[in-house]
Amino acid sequence: MGSEQDETISGGERPDRGADEAPERRTAEAFGQPSAEAPGQPSVGAPAERRPELLGQPPNDMRAALAGFFERRGEPAFRAAQVEEWTFEHGARSFDEMTSLPLELREALATEFSLTPLETETVARARDGTIKHLWRLDDGQRVESVLIPTRDRLTLCLSSQAGCALACRFCATGYFGFRRQLRSAEIVAQYRESRRMARAELGRSISNIVYMGMGEPLANLDEVIGSLRTLHGGFGLGARRITVSTVGLVPGILELARRPEPFELAVSLHAPVHELRLELMPIEKRYPLPDLFAALRTYQSHKNRRISFEYTLIHGVNDEPELARTLADLTYGLTCFVNLIPFNPIPSRPEWRTSSRARIERFSAALSERGVGNAVRRPRGRDIAAACGQLRLASRQSSGQSRREIDAQS
Ligand code: SF4
C-alpha cells in the first residue's frame, strides 16, 4: 500500500509457537491474482530452476519439507529442529551459517533447498531514524521495505508485490504499474534482513509489521497468507502486531475474517463518496463502498477487532470537513480509527499538494465532533523518499534514467 510511511497502528500479543494509461491497463491483472511464479510480466534474469524455499514456510510445513530429505540420508529427526532454529531464531541467510550441522550436510541442504537471499541495492537513512531498504530480487526486480522507529515500537513496513496494478492516483508505486507477485519467502526475507540490521545497528527487535509497502497484499493472497503464518508461527510475531493494509479487495477481507489468527486490518479509504474515490482509486469500480463496508462489517463481526482507516489528505481534493462528516456516517456502527496522512507529493501529480495544517485540523475536528477517533500521522522519512515506491523512483532517476525512460519501462 503506497501511503506515506507514518507512525503506526496495532497492539500486542504473543503467538502460540508450534496511473495513468499504462497502470489502468494493468489493473485487470491484479484482479486475476496471477501467481508468484507466473506473473504475466517480464522478469529480468529469473533463475531457470529455483530450489524449494524453506524461508516462507511456517514451522509445520518446513518440518514436512525437511523430513523426507533427512530420512533419505539416514539423519536423526532432530536435524529438522536444528534447521528450524537457525532459520527462525538466528535468521540464517545460508546453510553455511548453520554451524551446529556437519559441513557435508550443510552442503547437501544447499543443493536441495533455498533460503532466499536478498541483495541490498540501497539503504537510505532519514534524519528522524527511518531506514529504507531497496532490495534486489533474484530476477532483478526491486522492492522496498522501511524500518520506522518510535520510542515504543520498531515497525517494519513490508512489500507484497513488485509494483502494483491498482493505480491509485496518489501513489508512486501505482504509477509504475505491476511487475510480479512476491513469493512468501521474498516477503519474509525482507523481515529476516531487516531484523538482522535492527539488532546489529539499533540494538532493537522489530515489534510490529505492516503490509503497507509496495503492492496490494490481498491481490497476492496465498503468498501473503503464507508469509503471515510464517512470521507469526515461525518468527513468533504476535498476530495483533501484524497489520494487513488493503485498498478494499472484498474476497481477501472475507478470507482474513475466516482465518483463525487475529491479524489487524487497515483499509486505505481516502474518500467517503463513490465518485471521488473512483477518481483517486480505480479499485472503487470493482468493489464500491457499499460492498467494501458490508465486507468490513462481516470482518468485524468475526474478529471483533478495531479496523483502521487510512485517509491521505490532498489539498482541495478530499479534505473538506463535509467529507469528514460523510466519512463519519459511512463508518457508523463500526469500531474503527482513522489515520489522517498529509499527502506526500509525487512527480506524477504535480498539481496536488499537501493539505494545509488548518485544513487538516478542520477535517480532524469534524471527525471528532461525530465521535470518530482519529489522529494526524506525522510523515516519516521525508528526506529519504520514504513513501512507497519513491526510493525506487529516486534510484532510477539518480542512475541517469530520464522520466521518459522510466515511463517506457513501467
Ligand atoms: S497503487 Fe497499489 S501500492 Fe499504491 S496505494 Fe494503491 S494499492 Fe497501494
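Below, the figures for the structure above:
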| quantity | calculated |
| --- | --- |
| Matching residues in the range 182-192 - criterion: being part of a helix (DSSP H, G or I) and either within 14 Å of the ligand (Cβ to nearest atom) or not aromatic (Phe, Trp, Tyr) (or both) | 184, 185, 186, 187, 188, 189, 190, 192 |
| Enumeration of residues in the range 207-235 that are within 16 Å of the ligand (Cβ to nearest atom) and either surrounded by fewer than 21 Cβ atoms within 10 Å (Cβ to Cβ) or of a type in the set (Lys, Arg) (or both) | 221 |
| Number of the exception - residue 100 against (1) surrounded by 18 or more Cβ atoms within 10 Å (Cβ to Cβ); (2) over 18 Å from the mean Cα position of the chain (by Cα); (3) polar (S, T, N, Q); (4) over 20 Å from residue 183 (Cβ atoms) | (1) |
| Residue 238 being over 28 Å from residue 350 (Cα atoms) and within 13 Å of the ligand (Cβ to nearest atom) | no |
| Residue in the range 340-356 that is within 16 Å of the ligand (Cβ to nearest atom), at pLDDT below 85 and exposed (fewer than 14 other Cβ atoms within 10 Å of the Cβ) present | yes |
| Of all residues making up the range 193-207, the number that are touching a Leu at 6+ places or on another chain (Cβ under 9 Å), over 16 Å from residue 152 (Cα atoms) and not acidic (Asp, Glu) | 3 |
| Top-ranked residue of the range 132-174 - restricted to ones that are charged (D, E, K, R) and surrounded by fewer than 24 Cβ atoms within 10 Å (Cβ to Cβ), ranked as nearest to the ligand (Cβ to nearest atom) | 169 |
| Yes/no for residue 101 being part of a helix (DSSP H, G or I), more than 15 Å from the ligand (Cβ to nearest atom), of a type outside the set (Val, Ile, Thr) and modelled with pLDDT of 95 or more | no |
| Sole residue being closer than 17 Å to residue 218 by Cα and either more than 15 Å from the ligand (Cβ to nearest atom) or assigned by TED's automatic domain parsing to the domain that holds residue 317 (or both), chosen from 264, 275 | 264 |
| Those strands (runs of 3 or more DSSP E) lying entirely in the range 135-181 with at least 3 residues aliphatic (A, V, I, L, M) and out of contact with any Phe, Trp or Tyr (no Cβ under 8 Å at 6 or more places or on another chain) | 142-149 |
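The values are calculated or read from the model by the stated rules, or taken from the named source; none is laboratory data. These figures come from a predicted structure and were not determined experimentally. Backbone-built Cβ (ideal geometry, glycine too); neighbour counts: all protein chains shown.
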